[in-house]
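Heads up, the thing below is written out as structure tokens.
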Amino acid sequence: MKRGIVLLSVLILALLLTGCAQQEKPAPTPTPTQPPSQTMEKKLKVAFVYVSPIGDAGWSYAHDQGRIFIEKKYGVETKYSEAVPEGPDAERVIREYAEQGFDIIFTTSFGYMDPTITVAKDFPDTVFMHCSGYKTADNVGTYFGRMYQARYLSGIVAGSMTKTNKIGYVAAHPIPEVIRGINAFALGVKKVNPDAEVIVVWTGTWYDPAKEKEAAISLLDQGCDVIAQHQDSPGPQQAAEERGVYSIGYNSDMSHFAPKAHLTAPIWNWSVVYSYVVENVMKGTWKSEEIWWGIDKGLVELAPFNEVVPENVKQIVMEEKEKYLKGEVPEQYPFVGPIKNQKGELVKAEGEVMSDEELLSMNFFVDNVKGEIPQSS
């Protein structure tokens, strides 16, 4: 009997010890997971508004290449609207993107400036970036490039390749941006060929392939054997190709439209700006600013040279480009005196540098440009 009691006590004690062991067993380590702030983080949404078709090989095409770049590099969600007229339609499209919760909205034409400012007032938490304008706000910045630097380099090529000393320029609208580009191009021509003149014809268009091609033909009929342009379409390039002369493109490499004619082109690399803005928004360091970058930042550049461009011409161009890259010249170069206008009047004396304010309001032609600046577009 006592043995039974002892055995029963031992059994009870064993059961108690087993229960204690189970209770003291450490809990399993949980599987590591990302903090909620990372797993639930909203994907950055970026919208673009274009004034012309992205298939134009010009202005909007170049911007869209920048959009594609940031989409791939940063994994952001992007959306765009193309061929949006400047005016009421622009405000509607910009507002719709803001209402849809896009974090950054890039408006890529000068005529979008006021609509951008108007919409931005109603969406203070949205970042707006307007291209080529001058109005800003706490949530609105501006961006543009010193394209006149690349225009100048392309003028060196044109001045070196002309045989008739007549170079045609198909111009868009008579605004400072376009006038500045013509003058920079002409100064490049003058550097290597003081006898050549740049003949300007205005179209009053940004994108009208037929009209722009027709304008180029009118210049070819005057004896021009190099055609440059400030529009989005390849029309002027095609006119030069058909006539068997040379051309200078714009915005992007248009050589596939005129493989024999196309010598080079001043081109945009908008991914430089778009990356900068996206990175700052992601880091929470974005602030409103006025961006105006040049060759040294990689925002503007020259397209590859046609094989017909001689090595000595390429060398001159590269030497001038190096001046920008090494900081040997001011950002405003080639607008450094002496500079004369069409009347032969001295605008800037030897060594004097034009200010950014003077460049942004430019309304005269330098002395080797033939043509007039219309009072209105």
(message) Go through (1) in a helix (DSSP H, G or I); (2) in contact with a Phe, Trp or Tyr (Cβ under 6 Å, 6 or more places away or on another chain) for Trp292 and report which single condition fails.
(response) (1)
(request) Kindly check whether there is at least one residue in the stretch 222-232 that is in contact with a Ser or Thr (Cβ under 9 Å, 6 or more places away or on another chain), outside the structural domain of Ser109 (by TED's automatic domain parsing), modelled with pLDDT under 95 and not in a helix (DSSP H, G or I). (result) yes
(request) Please enumerate the residues belonging to the stretch 256-284 that are surrounded by 16 or more Cβ atoms within 10 Å (Cβ to Cβ), more than 19 Å from the chain's Cα centre (by Cα) and within 19 Å of Tyr61 (Cα to Cα). (result) Phe257, Ala258, His262
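Can you tell me which residue among Ile117, Ile175, Ile199 is in the same structural domain as Arg67 (by TED's automatic domain parsing) and of a type in the set (A, V, I, L, M, F, W, C)?
Ile117
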(request) Would you please list the contacts, defined by Cβ atoms under 8 Å and residues six or more apart or on different chains, that run from a residue in the stretch 204-219 that is outside the structural domain of Pro176 (by TED's automatic domain parsing) to a residue that is of a type in the set (Phe, Trp, Tyr)? (result) none
(message) Which residue is farthest from Glu319 (Cα to Cα), if the candidates are limited to the stretch 334-377 and must be outside any loop (DSSP other than H, G, I, E, B) and of a type in the set (Val, Ile, Thr)?
(response) Val347
(request) Residue by residue through the stretch 214-224, note down the ones that are more than 19 Å from Ala184 (Cα to Cα) and touching a strand residue (DSSP E or B) at 6+ places or on another chain (Cβ under 9 Å). (result) Ala215, Ala216, Ser218, Leu219, Leu220, Gln222, Gly223
(request) Go through the residues of the stretch 310-317 one by one and say whether even a single one is assigned by TED's automatic domain parsing to the domain that holds Val178, surrounded by 14 or more Cβ atoms within 10 Å (Cβ to Cβ) and more than 26 Å from Ser271 (Cβ to Cβ). (result) yes
(message) Being in a loop (DSSP other than H, G, I, E, B), closer than 18 Å to Phe48 by Cβ and in contact with a strand residue (DSSP E or B) (Cβ under 8 Å, 6 or more places away or on another chain) is the filter here; which residues of the stretch 255-289 pass it?
(response) Asn269, Trp286
(request) Starting from residues that are without any contact (Cβ under 8 Å) to a residue 60 or more places away in the chain and out of contact with any strand residue (DSSP E or B) (no Cβ under 7 Å at 6 or more places or on another chain), keep the ones in the stretch 334-350 and report whichever is farthest from Ile373 (Cα to Cα). (result) Glu350
(request) Go through (1) in the same structural domain as Ala171 (by TED's automatic domain parsing); (2) of a type in the set (Lys, Arg); (3) touching a residue at least 24 places away in the same chain (Cβ under 8 Å) one by one and return the number of the condition Lys287 breaks. (result) (1)
(request) Give the residue, chosen from Lys321, Lys287, Lys340, Lys348, that is among the charged types (D, E, K, R), within 30 Å of Ile68 (Cβ to Cβ) and surrounded by 14 or more Cβ atoms within 10 Å (Cβ to Cβ). (result) Lys321
(request) Please find, among Ala210, Ala196, Ala186, the residue that is more than 26 Å from Ser271 (Cα to Cα) and touching a Phe, Trp or Tyr at 6+ places or on another chain (Cβ under 8 Å). (result) Ala186
(message) List pairs: first residue in the stretch 127-152 and within 18 Å of Gly181 (Cα to Cα), second residue assigned to a loop (DSSP other than H, G, I, E, B) anywhere in the structure, Cβ distance under 6 angstrom, at least six positions apart or on different chains.
(response) Cys131/Thr108; Phe144/Ser132; Gly145/Leu299; Arg146/Gly294; Gln149/Gly294; Tyr152/Pro334
(request) Working only within the stretch 176-223, note down all residues that are among the small types (Gly, Ala, Ser) and either in contact with a His (Cβ under 6 Å, 6 or more places away or on another chain) or surrounded by fewer than 19 Cβ atoms within 10 Å (Cβ to Cβ) (or both). (result) Gly181, Gly204, Ala210, Ser218, Gly223
(request) For Ala83, work out the one condition from (1) under 21 Å from Gly66 (Cβ atoms); (2) not in a loop (DSSP other than H, G, I, E, B) it doesn't fulfil. (result) (2)
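The values are calculated or read from the model by the stated rules, or taken from the named source; none is laboratory data. All values reported here derive from a predicted model rather than from experimental measurement. Reconstructed Cβ throughout: ideal geometry from the backbone, glycine too, with neighbour counts over all protein chains shown.
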